1. Just the residues that are under 23 Å from the mean Cα position of the chain (by Cα), part of a helix (DSSP H, G or I) and aliphatic (A, V, I, L, M), please, taken from the stretch 291-324.
2. Within the group Thr286, Thr263, which residue is of a type in the set (Ser, Thr, Tyr), at negative phi and touching a helix residue (DSSP H, G or I) at 6+ places or on another chain (Cβ under 7 Å)?
3. Taking the stretch 208-227 on its own, how many of its residues are surrounded by fewer than 19 Cβ atoms within 10 Å (Cβ to Cβ) and either assigned to a strand (DSSP E or B) or free of Cβ contacts under 8 Å to residues at least 40 places away in the same chain (or both)?
4. In the stretch 104-121, is there at least one residue being in a helix (DSSP H, G or I), touching a residue at least 24 places away in the same chain (Cβ under 8 Å) and within 26 Å of Gln58 (Cβ to Cβ)?
5. Part of a helix (DSSP H, G or I) and either in contact (Cβ under 8 Å) with a residue 24 or more places away in the chain or under 21 Å from the mean Cα position of the chain (by Cα) (or both): is that true of Thr203 in this structure?
6. Would you point out which residue out of Arg148, Arg175, Arg195 is closer than 20 Å to Gly261 by Cβ, part of a helix (DSSP H, G or I) and out of contact with any Lys or Arg (no Cβ under 6 Å at 6 or more places or on another chain)?
7. Name the residues in the stretch 130-170 that are surrounded by fewer than 21 Cβ atoms within 10 Å (Cβ to Cβ) and either touching a Pro at 6+ places or on another chain (Cβ under 6 Å) or of a type in the set (S, T, N, Q) (or both), would you?
Amino acid sequence: MLNRLLLQPTARALPALAAGLLAALTIAAAPPSAMPLPTAPASPSPAKLLRVYLLAGQSNMEGHGVVDLNDARDYNGGRGTLAQFVDSPANKAAWGDLRAADGSWFVRDDVFVSYLTEQGSQKAGALSVGFAVYDDKHHIGPELGIGRALGNAFAEPVLLIKTAWGGKSLAKDFRPPSAGGAVGPYYKQMIAEYRAAVAAIPTQFPALAGYTPRLDGVIWFQGWNDGCDEKAAAEYEGNLVHLITDMRAEFGNPKLSFVVGETGNMDNAVLRHAQRDGCLHKKVATGTSFVPTRQFLRDAKECPNPGHGHHWFGSGESYLLIGDALGKAAVQLAPDPRPAPALAPAPAPVTSSARPAQP
C-alpha cells in the first residue's frame, strides 16, 4: 500500500505533477546560451599601495640648497642656485620639467612630503621646492631629487617622511640600541616621528586616505658631526651597521632597503671610507647601497654661500643631484612590484678595493 501511495499520484496531485514535468522539459530543451549561469563571487579589489620612504639625517638632510635667492652680498649673485642650474640651456632637456616657462616650480601629484622641522613647523603636501629647514620656498634638501626619481619610476604614489636635525652625530645623538650605551635621543625621535606621520596620513593627505602605506626603504644622509670627532669617525662603520640592523628590526623587515649618502663635502677620508665599508659589511650588505656624492661638490666661488662648506656651499645644484642619485639607488633596491618605467642605473657601489679620492 505504501509503495502504491508513493508511486501512484492522486487525482489532485496530477495537475501539479504535470506542470513540474513541463517545466523540467522546457529547461532541458533550452539552448545553452539561455541556461542560467552561477554568479561568480566578486574578486576583492587589490589594496592600493602607498610607497613610503623614511629620510633621515642631520642638517644636509634638512636642506640648505638655495632655490632662487640672488642677492649679491648674501647669495653670491645667484651663482649655483637651483634656478640657475635648471634654466641653463644645457640642462633644459634633463631638468626642464622642474620649472614652467612662467618661472613657477613643479608640483607633483604623485609624490608627497611630511616634514616636522626642528623649529616645530609641520610641512605636509605635494612635492615641490620649500621642504627644507627654513619656512620659505627658497631652499631645498635632497628630498626634491629623491622624490622626482621615485615618482618617475613608480606607478604607485610615494610619501617621503623626513626626520632631520642639524648638528647631530651617529655616535651619540642617533646612537642605535645595539651599539651599546645610552640610546640616542634622536634615534628615538626619528622612529616616533615616522610613526606619527604614518598615523596622520588620512588627515594630512586626504587623497591618500584609501591607500595602504608600506615602508619601502630608509635613505640616510648624515655624518658631518662624526667626521669632526676622531673617535666617532673611527667608530662610524660599526655604528652604521648597528643602525641598519636595528632599524630593520624596529620595522620588522630584515630586508628593508637602506641607502646611505656619502658625506662627500667633507675632507675626512676616514669617515667616508667608514660610510662605504659599513654598507658593504656582510651583516647588512644585502639591500644596502652606498652612494658616492663627492662628484657633486662644486667650486665655492660658483655657489650661493661660499663660506658654508658644511652645507655644500648652499648649492641648489648639488642638493638636487645628490637627491637624484639617492633616489635612483632606492629604485634599484625597491621591493615588488617593480618600477614601471626604467631609469638610468644608480651610481655603482664602490668595492672594498676602491677608495674614494683622498681629499
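1. Answer for the stretch 291-324, where residues must be under 23 Å from the mean Cα position of the chain (by Cα), part of a helix (DSSP H, G or I) and aliphatic (A, V, I, L, M): Leu320, Leu321, Ile322.
2. From the options Thr286, Thr263, the qualifying one is Thr263.
3. Here the count works out to 4.
4. Scanning the stretch 104-121, I find no residue that is in a helix (DSSP H, G or I), touching a residue at least 24 places away in the same chain (Cβ under 8 Å) and within 26 Å of Gln58 (Cβ to Cβ), so the answer is no.
5. Yes, satisfied.
6. Arg148
7. Hit for the stretch 130-170 is Asn152, nothing else.
Read-outs: derived from the displayed coordinates by stated rules, not from any lab. All values reported here derive from a predicted model rather than from experimental measurement. Positions of Cβ are backbone-derived with ideal geometry, glycine not excepted, and every protein chain shown enters the neighbour counts.
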